[in-house]
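Here, each number is a calculation from the coordinates, and none is a lab measurement. Just so it is clear, the model here is predicted, and its values are computed rather than measured. Here the Cβ positions follow ideal geometry from the backbone for every residue, glycine too, while neighbour counts run over all protein chains shown.
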Amino acid sequence: MKALLMYKDGDFDLGRPLPWNAAALKQDLELNTLFNVMALGDRFLFDVAQRAVLASECDLETIRYRQDILRDCLKNAGIVSDIYAIAVEADEGHRKLYWAGRHPGSILWGAVDLLQFLVGVLKKLRRIADSHAAAFESEGFSTLFAVLTRELSDEYFVTVERHLKHLQFRHGVLISAKLGRGNKGSDYVLRQPNAPERSWLERIFTPSPPAFSYQLQPRDDAGARALSALRDQGVNFVANATAQSVDHILGFFNLLRTELGFYVGCTNLYKTLANKDEAACFPEPLAEGMRSHSFRGLYDVCLTLSMPGRVVANDVAADGRDAAIITGANRGGKSTFLRSIGVAQLMMQCGMFVGAQAFSANVCSGVFSHYKREEDPSMKSGKFDEELTRMSEIADHVKPNALLLFNESFAATNDREGSEIARQIVSALLEKKIKVFFVTHLYEFTRALWENRIGCPIFLRAERQPDGTRTFELVEAEPLETSYGEDLYKEIFLGGRAEAV
Amino acid sequence: MTFESILFETSAERGDETLQPPDFFTDLNLDQIVEAITAGKDDYNLKPFFFDPLTDVAAVEYRHQVFRDLENPTLLEHVQTFAKSMARMREHLAQVQKIRYTYEQDAWFLEALDVYCAALTHLVKHLSTTPLTSRGFLALRSYLTTYVRSDRFRALVAEKDRVQAKLATVDYAIVIKDNGFTVRKYESEPDYSAVVEATFEKFKQGAPKDYRVTFSSHYPDMNHIEAQVLAFVARLYPGEFGLLGGFRERNRDYLDEVVARFDREVQFYVAYLEYIAGFRSAGLSLCYPKIAHGADKEIYDYEGFDLALARTLVAKDSIVVCNDFHLTKAERIIVVTGPNQGGKTTFARAFGQIHFLGALGCLVAGNDAKIFLFDKLFTHFEREENIDNLRGKLEHDLFRLRGIVDQASSSSVVIMNEIFTSTTIRDAIFLSKNIMERFLRCDLLGVWVTFIDELASFNQKTVSLVSTVVPENPAQRTFKIERRQADGLAYALAIAEKHHVTYRSLKERIPS
């Protein structure tokens, strides 16, 4: 029996390693914020969320398969949460009941006890399938409910319960055995008692030396343990078989919990965004080889989750473009925009909705981020060297049709040299059909792209009003040379603004 | 002569301990340095001593003297022996706290006291034959000599000896039968294991399998049966056990406060000397810096290095490159430019480290140094962007700089490392020049690592240092920082080639 809620024909493996750059993506895109809202404090859900989101599914069929299931979940949130609660009950139950000891007798006792519990849970699941299957439309849920009804028949439950009764051995266990080995002690010195030297007469008239004695409690624990050990050896094989059955059933519930957990996480996120009046839509994934990035009202889901109000959204139509170069004012929303691109791509490719009113993009063979970092604490290398080391690691893993996000990369040297490095790297990437989003202050680099028309980039700029205030919205515009640092200097050093940092 | 503390000459100097490291600790890798110094010495809680720089020249001198005395290996060894004994004493006392049965507690207490008395007696004996010159150790010697000659201490030792002698005479036997056991005095019965072994000696062939189980004999917890045995033994020997119990009762407050404080505080020196020994055996120099303060602003360090980096390099048998600097007359700020990964940040850290460690009264990296005793030390290193901080990065930087400019005085030291990298070159030049002007007006001392060559030739108060490369192979760094004009070459492409991320390399590496 399988859940098949993540893949039409396969299991979602929680043990599969995270992508090699998971830590960088989580850090750069602030993904823990996303996972935390999906998990609502549940560590299991957190793990499921991060593994599903970071896996970047490329198969359009699978993405749509999940989108359908998620639509069902959003529509029937109450029922889905009941099913999930059952899966959790079963999955958690084994921790309470199972593996009480390391002797076959206690393993058997624990396994039988747990089996009785699991049969009860399976019955509950069957009842839900019986009464609510009709409310679900997706292929995934239809299959699951059909399997439950077929496999968990009434006759099956009768058979199982008969075995469970027998395994309690109310009438005793019959055992044959042979002798083995075993004994233990400590560092005392064993002494040979002295032979009595005195005559009976002497003994009567000499008082015996003082001695103090201690008697154990009447219950003979040692004897009881010996008997128990014998019994353990007898039930060894049947305990093994029973415990394995338990593991199979638990495995199913664990799969159900894992795969459904992803949708529960999505539902949690959906509700949180809805409460903030933030938009969410199911994106249209396009084939890997296409070049498309078009959206309305795209915002940074992680940013909105970390602050009280709503956040600024952007509209971009970049179909046919293979790169986006983002320039302009400091704190003008460039980093936020870049993050929204990365987060939306990951959300789309795991089968989730995205934070936008409408979103369509080609799927990519992998999401990569290259952000400016703090000084390397191991001091092995300078900052620029460290940036290029990371670029080299990306080059080891990147494939055509990947999406690469750069945030102020290669700025650890001067503008002229940083620009040259950036130009070479981006040129090579575009020729290898890798999509690039690049937030940068490297003016010479952006000019080179603008004038030489390397690839087919779209140029976006963080705007500012004539009075110097920022709109945080990006517009399509030619890169300019200033970042308005002079304004900030005047404001902070000469003006009245004095904030403690 | 009174003795207060081996770290501070007077009790007035010994204020409350600082529990948090200063802000700049991580930037200067002082966190790693202090972590390495105090590693394995957690029991002493030494870190607070490394958070509080001194501001008085005499206080620094007091510690220099103590360090110099302890550089005598004989004295260091005696102090370390004493420390080990005191640690063993504390272990025994901790055991007393952990266990439940009175007779067991009494025994561990006696053990603790035995260690304490011996440790003190030995230390005093050795101090009296070791040449001492520091004010700190001379005062300690005088204090301890008086202490061990006091009636109180002598009586303690005498009583302890008597109790130990009595307990040594106790021996007993346990007879276990059915579901019980009996305890009585030992009556010279022979070793039965030996008897059995002898009986079967004739069958022995080759090495037999070892069926013995290993029991931990270090502080075994007593179960209730063992405790019952001991209780019976105590009834067999009431006089001996009465004496033992009384001893613990009478001597609960035996530990001298000054001795306990010395035991902890001297570890500041011991830990530091142990830490620097590794550098010295690798051929690196550490020295006692001369101290500049007030209007004297001449500072220098010859053959200096970054302790944190050097430690990892020495561990790998790699070469540590040392660097010099010297500021005289009107010179105040060192501007470091040059190729990346050329040791600029390392140089800036080393500069900060010698000032901070020097102000702790410690030896500093270098073979001849003079440092400035600062009132405040500031660092500004590039920080990562954080979503919680919705102000732009540049704005954040400027706020921090404003904070530094507002707090700094002419006695402050500032270390700047590659700031304004997230803005355009034009902005970076504008902002850097303005900040530099403010620093110079303040007359503070500092280091500024930058890619902006314009800062290097700012005016006569700035000194230009440049990280250098091997001329034939620009990708190879010398890690030497030399005093000369900034030349504007950063060799970034050479590094790109080294990492195979040039246009040509990437085209080959990435699959189609």
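What's the exposure ranking of A:L429, A:L14, going from fewest to most Cβ atoms within 10 Å?
Final ranking by Cβ density, sparse to dense: A:L14, A:L429.
Give a residue-ordered list of calculated ³J(HN,Hα) values for segment A:347-356 (Karplus: 6.51 cos²θ - 1.76 cosθ + 1.60, θ = phi - 60°; whole Hz; x for Gly, Pro).
Ordered by residue, 3J(HN,Hα) equals 5, 4, 7, 9, x, 8, 6, 10, x, 6 Hz.
Under a crude label model (7 Å from the Cα following the beta-carbon direction), how far is B:E77 from B:H500 in nanometres?
5.5 nm
Can you compute 3J(HN,Hα) from phi for each residue in segment A:76-93, using the Karplus curve 6.51 cos²θ - 1.76 cosθ + 1.60 with θ = phi - 60°, rounded to whole Hz and x for Gly and Pro?
Couplings: 10, 4, x, 5, 4, 5, 5, 4, 4, 4, 5, 4, 5, 4, 5, 5, 6, x Hz.
Name the residues whose placed amide hydrogens come within less than 5 Å of the amide hydrogen of A:L460, ignoring near sequence neighbours (fewer than 5 apart) on the same chain.
The answer is A:I325, A:I326, A:T327, A:A477.
Taking amide H atoms as placed 1.01 Å from N in the peptide plane, list the residues 5 or more away in sequence, or in a different chain, whose amide H sits under 5 Å from that of A:E284.
Sorted by chain and number, the residues that satisfy this are A:F359, A:S360, A:A361.
List the residues, sorted by chain then number, that are 5 or more residues from B:K290 or on another chain and whose placed amide H is less than 5 Å from its amide H.
Amide H neighbours of B:K290: B:A369, B:K370, B:I371.
For segment A:276-494, compute the orientation-averaged projected area of the C-alpha convex hull (one quarter of its surface), in nm².
13.3 nm²
Starting with the fewest neighbours, write out A:V121, B:V414 ranked by other beta-carbon atoms found within 10 Å of each beta-carbon.
A:V121, B:V414
State, to one decimal in nm, how far the label point of B:K329 lies from the label point of B:K290, with both points 7 Å from Cα in the Cβ direction.
A separation of 1.8 nm, rounded to one decimal place.
State the Cα centre-to-centre distance between segment B:349-369 and segment B:92-162 in whole Å.
Cα centres, segment B:349-369 to segment B:92-162: 36 Å.
Order of B:10-19, A:442-451, B:359-368 by packing, highest average Cβ count within 10 Å first?
The packing order, highest mean first, is B:359-368, A:442-451, B:10-19.
Apply the Kirkwood formula to segment B:284-509: the hydrodynamic radius equals the inverse of the mean of 1/r over all pairs of different alpha-carbon atoms; give it in Å with one decimal.
Mean inverse Cα-Cα distance, inverted, gives 18.5 Å.
Give the Cα extents of segment B:280-375 along the principal axes, in whole Å, largest first.
42, 31, 19
Rank the residues A:T440, B:T129, B:T478 as a footprinting-exposure proxy: fewest other Cβ atoms within 10 Å of their Cβ go first.
Ranked by crowding around the Cβ, least crowded first: B:T129, B:T478, A:T440.
To the nearest 0.05, how large is the calculated FRET efficiency for A:D154 and A:C456 if R₀ is 51 Å and r is the Cβ-Cβ distance?
Numbers: r = 64 Å, r/R0 = 1.26.
After rounding to 0.05, the efficiency reads 0.20.
Assuming 0.36 nm per residue, please report the length gained on full extension of the stretch B:R154 to B:N367 beyond their Cα-Cα distance. Before the final figure, lay out each step's value.
Working: separation 213, 0.36 × 213 = 76.68 nm, distance 4.77 nm.
71.9 nm is the gain from fully extending B:R154 to B:N367.
Whole angstrom only: what separates the Cα centroid of segment B:252-324 from the Cα centroid of segment A:26-64?
If you average the Cα positions of each part, the centres end up 48 Å apart.
Pairs of alpha-carbon atoms within less than 8 angstrom and 6+ residues apart define the contacts here; what relative contact order does segment A:276-494 have, in percent?
Computed over segment A:276-494, the figure is 26 percent.
Set the Förster distance to 22 Å, then compute FRET efficiency between B:R484 and B:Q460 from the Cβ-Cβ distance, nearest 0.05.
0.90
Take peptides A:294-301, B:2-9 and line them up by average Cβ neighbours within 10 Å, highest first, as a rough protection proxy.
Sorting A:294-301, B:2-9 by mean packing, highest first, produces A:294-301, B:2-9.
Could you tally the net charge around A:F445, taking each other residue with its Cβ under 9 Å from the Cβ of A:F445, Lys/Arg +1 and Asp/Glu -1?
-1
Per DSSP H run of at least 4 residues, take -39500 (n - 2.57); add these up for chain B, divide by its residues and hand me the 222 nm value, nearest 500 deg cm²/dmol.
-15500 deg cm²/dmol
B:T10 versus B:D43, label points 7 Å from Cα toward the beta carbon: distance in nm?
Going from the B:T10 label point to the B:D43 one covers 3.5 nm.
Inside 10 Å of the C-beta atoms of B:396-403, what's the mean count of C-beta atoms belonging to other chains? Can you show the working numbers first?
Numbers: counts 4, 5, 7, 8, 1, 4, 8, 4.
Per residue, the number of nearby Cβ atoms from other chains is 5 on average.
Given bins 20 angstrom wide, list per bin the percent of all Cα-Cα distances in chain B, short to long.
18, 37, 25, 16, 4
Quick one: 3J(HN,Hα) in Hz for segment A:145-158, Karplus 6.51/-1.76/1.60 with θ = phi - 60°, rounded, Gly and Pro as x.
Result, ordered by residue: 5, 5, 5, 4, 5, 6, 7, 9, 6, 4, 4, 4, 4, 4 Hz.
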